[in-house]
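Visitor: Okay, here's the structure, questions in a sec.
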Amino acid sequence: MTGSTPQDDRSFRRILNRNITLPLVAGIVNVAVFIGLLLYLLNVLSWVEHSQRAISQANEIGKLAVEMESGMRGFLLTGDEAFLAPYQLSRPKLQTGLADLRKLVEDNPPQASHVAAIAAQQQQWERYAQLVIDLRRNGGDYLGPVKSGRGKLEFDEVRSQLQQFLVAEQRLLTERSDDARTVTNWSVASFLIISLVVGGVLAMNGRRDMTRLSDLFGAALREQREHAERLQEQSWLRGGQSQLAEKGIGQMALPQLSEALLRFLSEYLGVAVGALYVREADGTLRRTAAYGYSREDLQRDPLVLAGEGQIWQAAEQRRLIRLDDVPDDYVQISSALGAARPRHVLLAPVDSNGIVNGVVELGFLQAPLPRHIDFVKQAAANIGTAIDATLARQRLAEVLAETQQLNEELQVQQEELRTANEELEEQSKVLEESQASLENQKAELEQTNEQLSEQALALDQRNVALAEVRRQLELRALELERASQYKSQFLANMSHELRTPLNSSLILAKLLSENSSGNLNDEQVRFAQTIYSAGNDLLNLINDILDISKVEAGKLELAPEQLDVRHVADSLAQIFDPIARDKQLAFHVELGPDVPTAMFTDRQRLEQILKNLLANAIKFTDHGQVSLRITVASEGCLSFAVMDSGIGIAPEHHEAIFGAFQQADGSTSRRYGGSGLGLAISRDLARLLGGNITLASAPGEGSTFTLALPVWYVPQKQGGAVQGSAAGGLAAQQHGASAGAAADTAAPSHGAGAGAAPAAP
């Protein structure tokens, strides 16, 4: 009963207790009393049966003792063993009866002492009886003990103890019966008297209580009507908040959001004029939208500085300010028919998570109702949350624009790298042409020296000049080599510089895709996930470029160690078997019978090569199987063959796919992706480890990439053939592949392993 006083509640509970609860309790008490009385009588009956069993057992013991005494006397008189049958049969029964009787009275110490005395006397008598029986059997003087009366005294003592036990047990039986009869009579009489008294009291107060109960229900119905009105008021408030929240849904800019919120408030609350102010980063308040303003009022300064006016006070004090009877020079309400001034103004701060981020100003021609003020207070959080979400979307757009700008700068830098590579290639061609020309001149000079010995002095001078030219060419070659090394170092350093802003973009895109605050819609989350995926692809490309640049610059350090070949094979199986099953491919790892248990090489680089080859095989195989077979290629050399039943590679592309940024053809790159650096890095790493990678493949027949490595790695000097090969491959291919690597849109049929192979640290 909503709104009832505590006194009414207590009266209603008292009526319930008297007219409903008390009869129920009385019934329960009735049942409890009868159950208690019944349990008591059952308990007394149990004790009575206990006493009767004890009496019966004692009588049985006495009977058995008499039978034993009679059997003994018959044997003594006749000497016939048949008379001993009762004695011998009753003896174990008597012992059992005494044990049972002892258990029955173990809770009664006096009776237990009687039983102990009976047992002791019985044992003494049995010793006497056994003595005279033995004397009678052996022809001894058995009459002497009999005449002495020893056996009679002991037997009489047994009878006396039994009689005392029976008298005590009979007395207990009588006392228990009398107690049960007395308790039953008093309990029934007391219960009847109490029931009559309680029934009379309930009958006397029943009519009066029911009358008061009727009055209470009438008052409760009136309070229920008032409560229904309050619920209707709350429903109006909740409905307005729901509609207001719907107005803030969507990817609107801050001015459009502010106008939509003000239009809704004007329709729902009857607001004649209004404005919405949003807090800037410097703490000032800026008017983002106005409703019902005249042209002159719209031209006023939209900024509210710190400490300026009631709007700032409402935000600073975090409370709603109501202004009544506002002056005539306040903001003017303008319409086509005329103009007027609002008479009542509400200034309400809006917040998001407890932080004030704006103020809403609402003007009324009529005094706002209390429910209007309550609605504005409750809607402040919704308006603040909508503003915060809109500002967050704007910040997201700025972050996306910054990311796009970074991508454009990266493309410009890659174009500069391509131009530098072209210049280096032109310089190399000029150097080769100069060297060929000098060799021709040298041959002509030698021929002239043989034919014209008289011009020896002139020839010597020309040889000096030729030596000078050769020295200059060697300096030029040294400068070219230094420029190539600088280019490699520039690539390595530039890769690190590019990864710094790229990592920031990845972190921001990851945070946006997780949408922990829940203020992004599904499309925005999908955009953020796309940015994160593209950034990861770009990061893998940068890592691959860094690996190649390290190889070219001779900075890639190896860490050879002794490793278990089978353990390497098992770890690769654990990684790629689930990936193959996901594509419904069969995956096998086979070790030849002669494969040694251990080898000495760089574990990280070996696994990097094999992971790249296996990832490529699974990526370019749609059905069939992928397998890794480890065998002994030759003495001191192991062969790691990665075989697949995929699309295969044309013979004219076998060498091209091992070049940096090289693709087998454009169609596979669109389907499978990749940067074209994986196989180039893998071949360079294989050469650094003292081995090589070969390929056997044909279109539609699958491919077999074979990595041959020595069982025992021997370190090589940096700057040898491997570095030269890698540098030449990268310089020859970067001219036509840099743009494709930046967009990550081209991949060869088996040369696009950069995305799958782990990037070098």
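Visitor: Would you check which residues across the range 395-445 are farther than 23 Å from Ala477 by Cβ, charged (D, E, K, R) and touching a helix residue (DSSP H, G or I) at 6+ places or on another chain (Cβ under 9 Å) and list them?
Guide: Glu402, Glu409, Glu415, Arg418
Visitor: Right, next: For Val632, all conditions in the list (1) over 34 Å from the mean Cα position of the chain (by Cα); (2) part of a helix (DSSP H, G or I); (3) among the β-branched types (Val, Ile, Thr) hold save one; what is the number of the exception?
Guide: Of everything listed in (1) over 34 Å from the mean Cα position of the chain (by Cα); (2) part of a helix (DSSP H, G or I); (3) among the β-branched types (Val, Ile, Thr), Val632 misses just condition (2).
Visitor: Could you tell me whether the range 589-596 includes any residue that is exposed (fewer than 13 other Cβ atoms within 10 Å of the Cβ) and in contact with a strand residue (DSSP E or B) (Cβ under 6 Å, 6 or more places away or on another chain)?
Guide: Within the range 589-596, the subset exposed (fewer than 13 other Cβ atoms within 10 Å of the Cβ) is 592-594, 596.
Keeping just the survivors that are in contact with a strand residue (DSSP E or B) (Cβ under 6 Å, 6 or more places away or on another chain) gives 592, 594.
Scanning the range 589-596 turns up at least one residue that is exposed (fewer than 13 other Cβ atoms within 10 Å of the Cβ) and in contact with a strand residue (DSSP E or B) (Cβ under 6 Å, 6 or more places away or on another chain).
Visitor: Still on this model: For the range 135-153: of the residues being assigned to a loop (DSSP other than H, G, I, E, B) and either surrounded by 11 or more Cβ atoms within 10 Å (Cβ to Cβ) or modelled with pLDDT under 80 (or both), which is nearest to the chain's Cα centre (by Cα)? Give the steps one after another, and end with the answer.
Guide: Taking the range 135-153 first, the residues assigned to a loop (DSSP other than H, G, I, E, B) are 138-142, 148-149.
Imposing the further condition that a residue be either surrounded by 11 or more Cβ atoms within 10 Å (Cβ to Cβ) or modelled with pLDDT under 80 (or both) reduces the set to 139-142, 148-149.
Working: Gly139: 100, Gly140: 100, Asp141: 101, Tyr142: 98, Ser148: 99, Gly149: 97 Å.
Once the filter is applied, the top-ranked residue is Gly149.
Visitor: Please go through the range 287-296 and give me each residue that is open to solvent by less than 100 Å² (accessible area, probe 1.4 Å) and in contact with a Ser or Thr (Cβ under 8 Å, 6 or more places away or on another chain), ordered by number.
Guide: Of everything in the range 287-296, those that are open to solvent by less than 100 Å² (accessible area, probe 1.4 Å) and in contact with a Ser or Thr (Cβ under 8 Å, 6 or more places away or on another chain) turn out to be Thr288, Ala289, Tyr291, Gly292, Tyr293, Ser294.
Visitor: If only one of Val183, Val158 is open to solvent by 50 Å² or more (accessible area, probe 1.4 Å), in contact (Cβ under 8 Å) with a residue 40 or more places away in the chain and aliphatic (A, V, I, L, M), which one is it? Give the steps one after another, and end with the answer.
Guide: Working: Val158 fails: open to solvent by 50 Å² or more (accessible area, probe 1.4 Å).
Result of the check over Val183, Val158: Val183.
Visitor: Specify the residue that is modelled with the highest pLDDT; the eligible residues are those in the range 313-341 that are open to solvent by less than 30 Å² (accessible area, probe 1.4 Å) and within 30 Å of Ala389 (Cβ to Cβ). Spell out the reasoning first.
Guide: Quick first cut of the range 313-341, residues open to solvent by less than 30 Å² (accessible area, probe 1.4 Å) only: 314-315, 321, 326, 331, 333.
When the remaining residues are screened for being within 30 Å of Ala389 (Cβ to Cβ), the result is 314-315, 321, 331.
Values: Ala314: 82, Ala315: 82, Ile321: 85, Val331: 70.
Across the range 313-341, the extreme among qualifying residues is Ile321.
Visitor: Let me ask something else. Just checking, how many residues over the range 495-528 are open to solvent by 30 Å² or more (accessible area, probe 1.4 Å), among the polar types (S, T, N, Q) and over 17 Å from Arg395 (Cα atoms)?
Guide: First, pick out the residues of the range 495-528 that are open to solvent by 30 Å² or more (accessible area, probe 1.4 Å): 496-501, 503-504, 507-508, 510-512, 514-519, 521-523, 526-527.
With among the polar types (S, T, N, Q) added as a condition, the list becomes 500, 503-504, 515-517, 519, 521.
Add one more test, that the residue is over 17 Å from Arg395 (Cα atoms), and what stays is 500, 503.
Here the count works out to 2.
Visitor: Keeping to the range 343-378, report how many residues are in a helix (DSSP H, G or I) and either under 22 Å from Leu254 (Cβ atoms) or open to solvent by 40 Å² or more (accessible area, probe 1.4 Å) (or both).
Guide: Here is the first cut: in the range 343-378, the residues in a helix (DSSP H, G or I) are 370-378.
Next, from what is left, pick out any that are either under 22 Å from Leu254 (Cβ atoms) or open to solvent by 40 Å² or more (accessible area, probe 1.4 Å) (or both): 370-371, 374, 376-378.
Here the count works out to 6.
Visitor: I would also like to ask the following. Condition (residue is over 19 Å from Ile355 (Cα atoms), among the polar types (S, T, N, Q) and modelled with pLDDT under 80) applied to the range 282-302: is it met by at least one residue?
Guide: Checked against the condition, which is being over 19 Å from Ile355 (Cα atoms), among the polar types (S, T, N, Q) and modelled with pLDDT under 80, the range 282-302 yields at least one hit.
Visitor: Yes or no: Leu585 open to solvent by less than 50 Å² (accessible area, probe 1.4 Å) and either at pLDDT 90 or above or under 16 Å from Ile693 (Cα atoms) (or both)?
Guide: Details: open to solvent by less than 50 Å² (accessible area, probe 1.4 Å): yes; either at pLDDT 90 or above or under 16 Å from Ile693 (Cα atoms) (or both): yes.
Yes.
Visitor: How many residues does the range 597-629 hold that are hydrophobic (A, V, I, L, M, F, W, C), crowded, with 18+ Cβ neighbours inside 10 Å and assigned to a strand (DSSP E or B)? Outline the logic, then answer.
Guide: First, the residues of the range 597-629 that are hydrophobic (A, V, I, L, M, F, W, C): 598-600, 606, 609-610, 613-615, 617-618, 620, 626, 628.
Retained after the next criterion (residues that are crowded, with 18+ Cβ neighbours inside 10 Å): 599, 606, 609-610, 613-615, 617-618, 620, 626, 628.
If we keep only those that are assigned to a strand (DSSP E or B) too, we end up with 599, 626, 628.
Matching residues across the range 597-629 total 3.
The values are calculated or read from the model by the stated rules, or taken from the named source; none is laboratory data. Not measured: the values here are computed from a predicted model. Heads up, the Cβs are rebuilt from the backbone with ideal geometry, glycines too, and the neighbour counts pull from every protein chain shown. These area figures cover heavy atoms from the full protein model, side chains too; ligands, DNA and RNA do not enter into them. Shrake-Rupley method; radii C 1.70, N 1.55, O 1.52, S 1.80 Å.
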